[in-house]
1. For the pair ASN141 and MET300, how long in nm is the line joining their label points, each one 7 Å along Cα→Cβ?
2. Would you please state the base-10 log of I(q)/I(0) at q = 0.11 1/Å for the stretch 141-226, with intensities from the Debye formula using one equal scatterer on every alpha carbon?
3. Which lysines does LYS195 reach when only Cα atoms under 27 Å apart count, and residues fewer than 8 places away in its own chain are ignored?
4. Considering every Cα-Cα pair within the stretch 322-385, what fraction, in whole percent, is farther apart than 19 Å?
5. Write down the Å³ per residue value for the convex hull defined by the alpha carbon atoms of the stretch 364-419.
6. If you place +1 on the Cβ of every Lys and Arg and -1 on the Cβ of every Asp and Glu, how big does the dipole about the Cα centre of the chain come out, in debye to the nearest 20?
7. For the chain, count the residues as N, evaluate 2.2 N^0.38 Å, and divide the Cα radius of gyration by that value, please.
8. Please list 3J(HN,Hα) in residue order for the stretch 51-65, calculated via the Karplus relation 6.51 cos²θ - 1.76 cosθ + 1.60 where θ = phi - 60°; whole Hz, with x for glycine and proline.
Amino acid sequence: MNEYDSDRIRTALGAEATDDPKRADVIIVNTCAIRDKADQKAFSSLGKFKSIKAGNPEVIVGIAGCVAQLYGDSLLKKMPHLDFVLGPRAIPKLPEIISRINLDKIRAVETSHDIEELFNVEPYHRAGGVTAFVSVQQGCNKRCSYCIVPYVRGNEVNRPLEDIISETRSLVNKGVREITFIGQTVNSWKRSGYKFGDLLRAAGEIQNLGRIRFTTSYPRDITKRMIDAMKEVPQICPHIHLPVQSGSNNVLSKMQRTYTREWYIDTVKRLRDEVRDLAISTDIIVGFPGETDKDFEETMTLLEEIRFESVFSFIYSPRPGTPAAQIEGHTCVEKKDASARLARLQERQSNITFESNTNRVGMIEEVLVEGPSRKGTSFVTGRTAQNRITNFRGPRALTGNVVTVKITEGLQNSIRGELVV
């Protein structure tokens, strides 16, 4: 979502991008507030531009995104070299803000959630790109106790079906072969009587669209209509990112995740029974306030039971104003214990992923070639339908094509193969 918004910022500015901040007329740090580390990276980035502003007072320096929304005008007091603060819903107002700063020499804050033009700015698309994101919603109506997203992105606003399909078709006409629909809880999308499964089917009717992906899904919003679309629309990739966050019912209850371990496992079974060769990835938080050794062990056994393709795992990070942050002071897991749990979980998942990749050896896979590989000038890279990164020898001219590859080696984070001619 942050990457998508950065491309929308570029479109809104209508300016040439530069890799050299010293050449820029406008410098914007687009931020994420999902964890404390992301906050600190944002502040560190902004600090680097203080000297540029001192040497060139005419350059405009701004902060955008969720950190901007979270801290608002206090950032102007904290950082005197900052010219504006822009929330994630206010991107359409960016040209007006830049104009006001240039004309009136003011400092500006725009963090309103009530922006009628919310989806009016489409993202910049890089020429030659064969994959692209399309936002289907902003905000979130879930209230997970640890999550800052509803506070910084507001309540869920779902984009009209015709707008989503129009943007998708436009991207396909520019050469995009794979679209990923994105939203905070993408599969909760609904609008004018349509549900997420209907959106998937509508996208499947777009001529020359080779692949459809979506992220991030919320477990409780997995429906039969959605599963049927995944099964029946050939362009939909057999991969789903389905955050579980914990394998313990005790922790899931404290997280306010609205489902149990048993319910999640049953949902995964429903998906795998209907969608052939489905790959599932997930998110897991360790060290949540009150998480016991027993709770953590239940998460570890869930890894064995589900056998995720990959896991994005983190130590719990308290976020200002969230319910979990109010209780963490007296029930917080010791940092060393949380770190040890994370290391253990990541080591086990690393082995599961390696085993999964190794088990693909000898199989024939369809790979969408995305461009040159880092493995060498004679290699190209792409992803299988299950989202596995695949490297193999081949010319760059294959970029944008779906080719047949025989898997020859399973690695830790990718697979290797050879082109089947």
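Each value in this text was obtained by applying a stated rule to the coordinates, not by laboratory testing. Keep in mind that this is a model prediction, so the values were computed, not measured. Cβ placement follows ideal geometry from the backbone for every residue including glycine, while neighbour counts extend to all protein chains displayed.
1. 3.9
2. -0.33
3. LYS142, LYS224, LYS231, LYS269
4. Roughly 64 percent, rounded to a whole number.
5. Once divided by residue count, the hull of the stretch 364-419 is 65 Å³.
6. Taking the Cα centre of the chain as origin, the dipole is about 440 debye.
7. Against the compact-globule rule of thumb, the ratio is 1.03.
8. 5, 5, 5, 5, x, 9, x, 7, 5, 9, 10, x, 10, 10, x
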